[in-house]
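All remarks here apply to the structure that follows.
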Amino acid sequence: MGKVVHDFWHVVLESWEMTLANLQIDQDRVVEELEKLATFSDAPEPAVTRILFSPTELAARAYIRQLMRDAGLAVREDGVGNIFGRWTGAQPDLPPVSTGSHIDAIPFSGRFDGTVGVLGGVEAVRALKQVGFQPERSIELIMFTSEEPTRFGLGCLGSRALTGSLAPDQLAELQDDKGRSFVEVRNSAGYQQNLNEVAIKPGAYDAFIELHIEQGPRLEQANLPIGLVTSIAAPATMRVTLEGEGGHAGAVLMPGRRDALAAASELILAVEQAAFSTGRRDSVATVGLMQIHPGAVNSIPSHIVMEIDIRDTAQAPRDSMVAFIQAALEKIGKKRQIEASIEILNADPPSQSGADLLKVMRKACDKLHLEYMELVSRAYHDTLFMSKICPTAMIFIPCKNGYSHRPEEYASPLQIQRGVRLLAQTLADISSNYPAN
Ligand code: GLV
Ligand code: MN
Ligand code: MN
């Protein structure tokens with residue numbers, strides 16, 4: 001680098017650093033907003049239930065849009081209901097840097113999963129504006145539609161569609177448990193834009209950073225405030241249907257019964273066995289959902305639908321668990337004369353964080369005196385799909401006892417404040433082509 005250029009960057013760099021040194025994250029404000037968001041819930045507190053496009057979720061969306069506008073962001077939405085808030089930079093033609101997460105919540109979960117990344121993103125923008133920071137690249141905050149699979153059986157709907165990982169005709173095929181199609185539901189939620197216009201091109205963003213609670217105990221155990229995520233585990237979901245024969249629970253004797261639930265029970269144990277079969281700590285498999293028909297105490301179950309969640313940090317053992325379960329199902333079906341079918345709803349590869357982004361973030365941690373560890377995300381996130389179109393990384397903050405997807409989920413105001421601070425610093429660094437060294 002020439003001396004003049006070098007001096008120029010040096011001065012610019014110093015003035016940014018002075019500006020950012022005054023950054024104030026208002027943790028009370030974020031906590032208040034998290035509390036307010038938690039009131040948009042269909043479960044009694046402290047539990048939170050917020051299912052995609054329910055009246056409650058739609059009201060929460062209005063709240064988020066308002067917060068984005070109050071922070072001075074220009075708000076727009078796409079045909080799947082992703083909400084974008086843009087802070088236009090000095091060079092609006094450059095691909096923006098982006099951050100965000102989700103606000104939908106699975107039944108009876110907590111108030112921090114996803115919401116910390118959305119409300120933390122709003123606070124990061126407010127704090128940067130407050131100290132007079134001016135980005136070169138635009139900064140975009142994204143609230144993704146339906147990161148959780150609750151309503152349509154598939155997680156990360158918004159980020160899949162946005163990144164072209166889920167085509168409009170696949171979206172159109174999705175149905176909820178009332179048989180309502182995704183298109184019908186989003187239409188009545190007021191989203192009627194053309195689904196063909198949702199997907200953006202690779203490179204449309206310069207980078208994506210997601211702030212999230214860890215949802216595991218590693219940071220708390222290590223007593224560290226920050227986790228930098230290096231990769232995200234590979235998730236798969238299967239839906240199994242078992243067709244047996246119903247009948248009177250008293251009148252039909254045991255020999256020759258074709259009890260679909262008894263077959264399902266064997267399969268549940270095989271799912272557990274599948275995870276142990278790899279011999280890896282990182283292999284997990286869960287049956288989290290089952291519907292029993294007809295569902296009467298004095299009637300033999302004739303029809304079962306169950307959904308299985310399978311994950312590993314590496315794809316090959318994840319795939320071997322899927323194969324193990326398929327083979328087990330075939331055997332159980334034959335033995336019990338149950339008609340069994342299996343549908344793989346998704347089987348996604350793992351993702352890796354961007355090496356340059358991680359470099360910037362390690363430096364930011366050092367600058368802010370935040371001790372960190374690097375870790376794998378065992379949960380999936382919208383980042384998994386954003387990584388298909390731009391470099392990505394995630395900031396994890398600790399959560400109490402590693403609890404998540406349950407009402408006891410908790411991150412302290414200080415933990416949140418530190419995560420938001422690192423997010424703000426990182427957004428400032430990467431939106432201004434901050435020299436990486
Ligand atoms: C996301 O909520 C996940 O299940 O990992
Ligand atoms: Mn979740
Ligand atoms: Mn989440």
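The values are calculated or read from the model by the stated rules, or taken from the named source; none is laboratory data. All figures in this text were calculated on a predicted structure; none of them were measured in a lab. Here Cβ is always computed from backbone atoms with ideal geometry, including for glycine, and neighbour counts include all displayed protein chains.
Let me confirm something: among Gly333, Gly246, Gly256, Gly279, which residue is surrounded by fewer than 17 Cβ atoms within 10 Å (Cβ to Cβ) and more than 30 Å from Ile395 (Cα to Cα)?
Numbers: Gly333 fails: surrounded by fewer than 17 Cβ atoms within 10 Å (Cβ to Cβ); Gly246 fails: surrounded by fewer than 17 Cβ atoms within 10 Å (Cβ to Cβ); Gly279 fails: more than 30 Å from Ile395 (Cα to Cα).
When all the criteria are applied, what remains is Gly256.
Any residue at all in segment 356-371 that's buried (at least 18 other Cβ atoms within 10 Å of the Cβ) and within 16 Å of ligand 2 (Cβ to nearest atom)?
There is no residue in segment 356-371 that is buried (at least 18 other Cβ atoms within 10 Å of the Cβ) and within 16 Å of ligand 2 (Cβ to nearest atom).
Are any of the residues in segment 147-169 of a type in the set (Lys, Arg), crowded, with 18+ Cβ neighbours inside 10 Å, closer than 30 Å to His293 by Cα and within 16 Å of ligand 3 (Cβ to nearest atom)?
Yes, segment 147-169 has at least one match.
If I ask for residues that are away from ligand 3 (no atom under 15 Å from the Cβ) and either more than 24 Å from Arg418 (Cβ to Cβ) or basic (Lys, Arg) (or both), which ones from segment 381-396 would you list? Before the answer, list the steps.
Here is the first cut: in segment 381-396, the residues away from ligand 3 (no atom under 15 Å from the Cβ) are 387-391, 393.
Scanning segment 381-396 gives Ser387, Lys388, Ile389, Cys390.
Looking at segment 22-42 only, could you name the residues that are assigned to a helix (DSSP H, G or I) and either touching a strand residue (DSSP E or B) at 6+ places or on another chain (Cβ under 6 Å) or modelled with pLDDT under 85 (or both)? Full working, then the answer.
At the first step, the residues of segment 22-42 found to be assigned to a helix (DSSP H, G or I) are 27-38.
Scanning segment 22-42 gives a single hit, Ala38.
Restricting attention to segment 121-143, does a residue exist that is within 13 Å of ligand 3 (Cβ to nearest atom) and of a type outside the set (Lys, Arg)?
Of all residues in segment 121-143, those within 13 Å of ligand 3 (Cβ to nearest atom) come to 143.
Filter once more, so that each one left must be of a type outside the set (Lys, Arg): 143.
Taking every residue of segment 121-143 in turn, at least one turns out to be within 13 Å of ligand 3 (Cβ to nearest atom) and of a type outside the set (Lys, Arg).
Exactly one of these conditions fails for Gly100: (1) at pLDDT below 95; (2) buried (at least 24 other Cβ atoms within 10 Å of the Cβ). Give me its number.
Condition not satisfied by Gly100: (1).
Looking at (1) in contact (Cβ under 8 Å) with a residue 60 or more places away in the chain; (2) part of a loop (DSSP other than H, G, I, E, B), which is the only condition Ala263 fails?
For Ala263, the exception is condition (2).
Starting from residues that are β-branched (Val, Ile, Thr) and under 30 Å from Pro44 (Cβ atoms), keep the ones in segment 81-137 and report whichever is nearest to ligand 1 (Cβ to nearest atom).
So, considering only residues that are β-branched (Val, Ile, Thr) and under 30 Å from Pro44 (Cβ atoms), the one nearest to ligand 1 (Cβ to nearest atom) is Ile106.
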